[in-house]
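The values are calculated or read from the model by the stated rules, or taken from the named source; none is laboratory data. Predicted model only: the values in this text are computed from it and were never measured. For neighbour counting, all protein chains shown are included, and Cβ atoms are generated from backbone atoms with ideal geometry for every residue, glycine included. These area figures cover heavy atoms from the full protein model, side chains too; ligands, DNA and RNA do not enter into them. Shrake-Rupley method; radii C 1.70, N 1.55, O 1.52, S 1.80 Å.
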Amino acid sequence: MTDTLTNARTRGVAAPAAPEGRLAGVIAAALHRSRSTRLRLGRAFRVVRAVVTPLGWSLAATVSLAFLGGYLAGWTELVVIAWTGLTLCLMALAYLLGRTKYAVSLSLGTRRVVVGDPVTGRVVIENPARRRLPAVRVEVPVGSALSVIPMPSLGRLARFSHDFVVPTRRRGLVTVGPVRTVRADPIGLVRKELVWAEKIELRVHPRTISIPATSTGLIRDLEGNPTRDLTTNDVSFNSLREYVPGDERRSIHWKSTAKTGTLMVRQFEETRRSELMVVLGLRDAECATDDEFELAVSVAGSLGVRAIRDDRTVSVSVSALTPPYALRQVTAMRSLSTVTRNRLLDDLSIIERHPAALPLADVAGLASDAVNGISVAFLVCGSTVTARQLRAAANRFSAGVEVVAVVCEPEAVPSYRRMGELSVITIGFLDDLHKSLARTKAA
């Protein structure tokens, strides 16, 4: 046997494979075909599942049971039902035949809008093919709603456009699109969707009002806000006093010295750059209703926008929310972007109330520690925040900081009161903010 194999190799003839090798090859080929078949069947099932509706699966099951029961039991009625259902299934599949190619574009008149202002979107569909394309249904998701557009059949190079209204009744982020065409049978057994255009995000900003330029700072001068601390070197002149050893000679006021015969030096009020802080409460329990929270967001936006227009340094702080998977509450704050007016309103458009948000006093404390040189701080909250909680929040700021609490209570009569060093104003409408701030400044 060994000599035979050696002679076969010598003559260049392949030796016959061993039985074990042939069996392994057959098994490997069978496994490969089985895996390939499973992949094809899985791909086909996914395609079928994507186009067949629940009603279609129900009818297919009914047809199968009707055929089985009708022919086995000899029920003519079941046989009629089975063939009728099969006919409906074949007619529904005919609606999926053929390929369509459209040129679809989606556009909005603007990407930013104030709550309540109308916004119109437009869908433009063109037929770039050389043949007529069938009529289809066009669907455009608009937030949680759905805009359905019946599109007629389009001839060669024909164009179809349709305008739809985007609801902006509530502040937030509205996602428009993507545009999809739907081919389906009249009964609803099959449904084939094709996505053609990308989605567009529309930011619905809170409503804001224009308030006086001096309202956000309450006190204002050339370089900044004067404090009660006196110094011998600044720009806000306060008074004169007698010279004390160690005073700088350049501070001596020579005219007064000549009149009194005693060295007199200038005394100034120390100034600092106006740093505005707005703290907005997000805790669910701090607002009685959604309308209160929306009013509070509008107040925070109005104060921040006014400060940005005045080129003041402004910070808008809210509570950082605890992730759902966290084991404990996150004790942190989040600063909204105040680079530009639109960036601030973009951030304000997506904030929401949350039961796990930090209390107003905790957010005020974190904001006070994070920002230096605060001159004026606004605490914006709902009507459920008590006077004790407001005082606790105000005490988190350093001495010398003017703290104003803005309590938002829809349809309430505007009021103003003082609680020690804290000014508390209550507004019922956003327009009340203008007069209330003017009253605070006068007081």
Legend entry - Extreme residue, surrounded by the most Cβ atoms within 10 Å (Cβ to Cβ), among residues of the stretch 49-104 that are basic (Lys, Arg) and under 28 Å from Arg130 (Cα atoms): Lys101
Inset, instruction - Evaluate the stretch 399-421: report whether one residue or more is surrounded by 19 or more Cβ atoms within 10 Å (Cβ to Cβ) and either assigned to a helix (DSSP H, G or I) or free of Cβ contacts under 8 Å to residues at least 12 places away in the same chain (or both). - result: no
Inset, instruction - Filter the stretch 370-396 down to residues that are open to solvent by less than 20 Å² (accessible area, probe 1.4 Å) and part of a loop (DSSP other than H, G, I, E, B) and give me whichever is farthest from Val318 (Cα to Cα). - result: Ser375
Inset, instruction - Sort through Ala258, Ala296 and tell me the only one that's part of a helix (DSSP H, G or I) and at pLDDT 85 or above. - result: Ala296
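Got at least one residue in the stretch 340-349 being under 27 Å from the mean Cα position of the chain (by Cα) and of a type in the set (Lys, Arg)?
yes
With respect to Gly121, is the statement that it is on the phi > 0 side of the Ramachandran plot and either among the small types (Gly, Ala, Ser) or modelled with pLDDT of 90 or more (or both) true?
No: the conditions fail for Gly121.
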Inset, instruction - Name every residue in the stretch 67-82 that is in a helix (DSSP H, G or I), over 21 Å from Gly56 (Cβ atoms) and of a type outside the set (A, V, I, L, M, F, W, C), in order of residue number. - result: Tyr71, Thr76, Glu77
Inset, instruction - Please state which one of Arg250, Arg272 is modelled with pLDDT under 85 and either surrounded by fewer than 14 Cβ atoms within 10 Å (Cβ to Cβ) or closer than 29 Å to Leu358 by Cα (or both). - result: Arg250
Inset, instruction - Give the residues of the stretch 422-443 that are in contact with a strand residue (DSSP E or B) (Cβ under 8 Å, 6 or more places away or on another chain) and assigned to a loop (DSSP other than H, G, I, E, B), sorted by residue number. - result: Ala443
Inset, instruction - Looking only at the stretch 162-192, count how many residues are surrounded by 12 or more Cβ atoms within 10 Å (Cβ to Cβ) and either farther than 22 Å from Arg49 by Cα or without any contact (Cβ under 8 Å) to a residue 12 or more places away in the chain (or both). - result: 13
Legend entry - Selection count, the stretch 142-161, where residues are closer than 30 Å to Cys89 by Cα and buried (at least 16 other Cβ atoms within 10 Å of the Cβ): 4
Inset, instruction - Tell me, please, whether a residue that is surrounded by fewer than 13 Cβ atoms within 10 Å (Cβ to Cβ), more than 19 Å from Asp346 (Cβ to Cβ) and of a type in the set (A, V, I, L, M, F, W, C) can be found in the stretch 119-132. - result: no
Inset, instruction - Spot the failing condition for Val403; the list is (1) touching a Leu at 6+ places or on another chain (Cβ under 6 Å); (2) farther than 18 Å from Val318 by Cβ, and only one is missed. - result: (2)
Legend entry - Residue under evaluation Thr208, criteria (1) buried (at least 17 other Cβ atoms within 10 Å of the Cβ); (2) in a loop (DSSP other than H, G, I, E, B); (3) modelled with pLDDT under 90, criterion not met: (3)
Legend entry - Residue tally, condition open to solvent by 50 Å² or more (accessible area, probe 1.4 Å) and not hydrophobic (A, V, I, L, M, F, W, C), over the stretch 334-352: 7
